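Report on one structure; see the data block that follows.
Just so you know, all these numbers are worked out from the coordinates, no wet-lab data involved. The model shown is predicted, which means the values in this text are computed figures rather than measured ones. Glycine gets a Cβ as well: all are built from the backbone with ideal geometry, and neighbour counts include every protein chain shown.
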Amino acid sequence: MNTYNRLPVSFVRGKGACLFDAAGRRYLDWTSGIAVNCLGHAYEPLVRAAREQAEKCLHVCNYYDAEAATAFAEKLVAAAGMKAVFLANSGAEANEGACKIARKYSLKKYGEGRHTIVTLRGSFHGRTITTLAATGQDALHRDFGPFTEGFVYVPCGDIEALNKAMDRRTVAGLLIEAVQGEGGVVPQSEAFIKAAAAFCAERDILLMFDEIQCGLGRTGTFLACRGYGVEPDVVTMAKGLCGGIPVGAVMAGEKATDVFQPGDHGSTFGGNLLAAACGIVVLDTVNRPEFLAEIVRKGDKILGAIRLWNLPAVTDVRGKGLMAGVDIAGDAHEVMEEALKQGLLILTAGKQTLRFLPPYIISDREIDEGLRILKGILEKR
Ligand SMILES: Cc1ncc(COP(=O)(O)O)c(C=O)c1O
């Protein structure tokens with residue numbers, strides 16, 4: 001279907017931080033397939049794990065326990081510092097799970113009428129009817145109504161508006177991206193996240209972090225919310241968690257661990273063994289202090305270099321780790337197209353923001369190369 005405005009390129013293979021078209025032309029990938037290929041392309045340990053798991057068994061239904069799925073689930077929960085996980089197939093599905101957990105938690109404890117979920121303006125939580133409703137962007141609320149009811153939006157950083165919206169009689173959960181991705185690479189302020197956590201604790205509202213784009217070490221801590229020193233009740237992950245195989249995960253902390261009971265939730269492919277085997281490699285690779293420190297160093301290198309250019313076309317530079325946003329004076333899409341012509345793949349987030357989500361394994365040489373291309377383009381604007 002005609003759902004994507006495709007760029008004029010077609011890829012046949014990848015290696016590390018590069019993709020190649022059929023003619024063998026090399027492109028530097030600063031997108032990671034929108035935060036998916038966190039270990040780059042054709043990462044040997046990931047390829048090996050996928051092959052070995054495919055030779056053993058690709059899938060068993062969730063009526064049975066299976067070694068790879070259990071091992072992945074245990075590692076994930078330990079890495080995130082959570083208590084339990086439900087495995088699904090996408091970010092939207094993980095966020096649906098989070099909404100269900102918040103609503104059931106509240107219903108069982110407080111009865112009917114306390115089902116509202118507060119989210120932020122500019123947020124992005126998915127494309128299903130419910131996760132679109134959770135998404136705080138009016139432009140995405142056209143054409144597909146009626147949406148699931150019970151979502152209200154608060155501007156990022158507005159602690160007073162949040163305080164007002166977080167009504168203990170009607171609100172079940174608060175769903176936040178610690179760093180908004182699609183909304184323009186917007187890190188929340190520490191004061192805002194701390195206030196949000198305090199309101200949640202005081203009013204028994206579940207504090208839920210959508211870590212689908214900003215989690216998995218991308219901002220330098222395994223969960224971005226941990227960088228703010230708060231304790232989440234629910235966390236969702238997806239995208240890069242299995243290095244390129246579809247996955248979604250909704251995790252629960254102490255409060256929400258036992259909300260789902262048999263029959264409450266399910267998914268045919270959730271906990272798929274191919275995904276799980278790959279996920280184990282991703283977790284073993286990424287969740288190490290020295291690896292996370294490298295993400296921060298590389299991210300600082302990118303952000304620092306762009307700030308130093310001090311170019312008139314650049315109006316703001318922000319981000320955390322390898323999640324970078326650069327506001328420019330003109331049309332971000334034009335810059336993305338020009339970068340593609342010059343062999344650099346980048347993303348946009350909104351009309352005037354360039355977004356960079358390189359794979360974690362990107363080399364310093366590849367960072368320098370991408371920066372050179374970008375500088376050449378932005379200097380001319
Ligand atoms: C923060 C966030 N939440 C949810 C989603 C939806 O994930 P998926 O496309 O896997 O359903 C995305 C996708 O971009 C995202 O960035």
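Note on PHE192, PHE124, PHE72: ascending count of other Cβ atoms within 10 Å places them as PHE192, PHE124, PHE72, the fewest first. Footprinting exposure proxy ranking of VAL314, VAL154, fewest other C-beta atoms within 10 angstrom first, gives VAL314, VAL154.
For the chain, set up a GNM with springs between Cα atoms under 10 Å and report which of TYR110, TYR153, TYR360 has the largest fluctuation. The residue with the greatest mean-square fluctuation here is TYR110.
Derived scalar couplings between HN and Hα for the range 240-251 equal x, 4, 10, x, x, 9, x, 7, x, 9, 10, 10 Hz in order, rounded to whole Hz, by the Karplus curve 6.51 cos²θ - 1.76 cosθ + 1.60 (θ = phi - 60°), x for Gly and Pro. Ignoring lysines fewer than eight residues from LYS109 along the same chain, the ones with Cα atoms less than 30 angstrom from its Cα are LYS83, LYS100, LYS164, LYS194, LYS255. Counting only residues at least eight positions apart within a chain, or on another chain, the lysines with an alpha carbon under 28 Å from that of LYS380 are LYS298, LYS301, LYS320, LYS341, LYS351.
Please work out how much length the chain gains when fully extended from VAL12 to LYS108, using 0.36 nm per residue of separation minus the C-alpha to C-alpha distance, in nm with one decimal.
Values: separation 96, 0.36 × 96 = 34.56 nm, distance 5.12 nm.
Gain on extension, VAL12 to LYS108, equals 29.4 nm.
Which of rounded, prolate or oblate describes the chain when judged by the alpha-carbon gyration tensor and an a/c cut-off of 1.5?
It comes out oblate by the Cα gyration axes.
Each of MET237, MET1 was scored by other Cβ atoms within 10 Å of its Cβ. Listed from fewest to most, they are MET1, MET237.
In a simple Cβ point-charge model (Lys, Arg +1; Asp, Glu -1; nothing else charged), the range 45-182 has a dipole of about 400 debye relative to its Cα centre.
Restricting to the chain, compute how many DSSP beta bridges are antiparallel as a %, nearest 5. Walk me through the intermediate numbers first.
Details: 31 of 49 bridges.
If we restrict to bridges inside the chain, about 65 percent are antiparallel.
For CYS18, the amide hydrogen comes within under 5 Å of the amide hydrogens of ASP29, HIS41, counting only partners 5 or more places away or on other chains and with H modelled in the peptide plane. Mean residue ellipticity at 222 nm, helices only, the chain: -11500 deg cm²/dmol; runs of at least 4 DSSP H residues each add -39,500 (n - 2.57), and the sum is divided by the number of residues. Shown for the chain: cysteine residues without a partner Cβ closer than 4.7 Å, namely CYS18, CYS38, CYS57, CYS61, CYS99, CYS156, CYS200, CYS214, CYS225.
Here the extension length gained between ASP368 and ARG307 equals 20.5 nm, from 0.36 nm per residue of separation less the Cα-Cα distance.
Find how much the distance from ALA139 to GLU337 grows on full extension, using 0.36 nm per residue of separation minus their present alpha carbon separation; answer in nm with one decimal. Working shown, then result.
Values: separation 198, 0.36 × 198 = 71.28 nm, distance 2.34 nm.
Contour length minus the Cα-Cα distance gives 68.9 nm.
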